[in-house]
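No value in this document is a laboratory result; all are computed from the given coordinates. A quick note: this is a predicted structure, and the numbers were derived from the prediction, not measured. FYI the Cβ positions are ideal-geometry reconstructions off the backbone, even for glycines, and counts take in every protein chain you see.
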Amino acid sequence: MTGSLTCVSGAEAGTRPLSELALFVRTHRGRGPGLLWPEHAGPDDWDRPPGALAVLLALHLGCPVGELPGLPVEPSAGMSAAPYDLLVLQQAGSSGWRLRPPDRPAAEAAGPELRLRAGEVLYVPAGYAAGVRPGRGARDVRLALGPYADA
């Protein structure tokens with residue numbers, strides 16, 4: 001896997017949308033996938049360079065956050081599970097995401113498609129396989145949370 005990993009430890013800092021996002025991650029981490037419709041955020045709040053979002057979120061969470069390259073475009077039965085928690089911040093347009101839980105065999109197809117719209121955030125725990133079908137004009141930022149092996 002390529003991408004930078006930013007490790008920042010520190011106190012709470014930043015804006016209301018990032019605080020809300022950090023609370024969302026803390027609530028869902030280790031429990032299962034989650035979808036956030038930020039009360040105080042819109043697509044413009046995520047329209048920052050991915051590296052800057054990673055650094056700011058790392059400050060809020062107190063754990064490493066790294067920017068990720070794109071995932072496979074077409075969800076398929078051959079999707080592989082990620083060794084890190086995935087956070088998708090939809091900046092523009094919409095995308096269809098399919099997730100496969102870790103207890104489901106890799107040969108099985110992923111579950112139903114989840115539609116992620118601009119301003120929304122998808123959290124996918126480590127061990128889940130994920131695939132995306134971007135819509136017209138879709139743009140997102142994908143971040144890896146916590147320590148993970150550089151594979």
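Available extension along the chain between Arg104 and Arg26 is 25.6 nm, counting 0.36 nm per residue and deducting the alpha carbon span.
Across the range 122-139, computed HN-Hα scalar couplings (Karplus, 6.51 cos²θ - 1.76 cosθ + 1.60, θ = phi - 60°) run 10, 10, 10, x, 4, x, 7, 8, 9, x, 10, 10, x, x, 4, x, 6, 8 Hz from first to last residue, x flagging Gly and Pro. Computed from the C-beta positions of Ser19 and Arg115, the FRET efficiency with R₀ = 22 Å rounds to 0.30.
Potential lengthening of the chain between Arg133 and Asp47 amounts to 28.9 nm, from the contour at 0.36 nm per residue minus the alpha-carbon distance.
Amide H contacts of Gly127 (H built 1.01 Å from N, in plane; Pro and chain starts excluded): Ala82, Tyr84 sit under 5 Å, all sequence-distant by 5 or more or on other chains.
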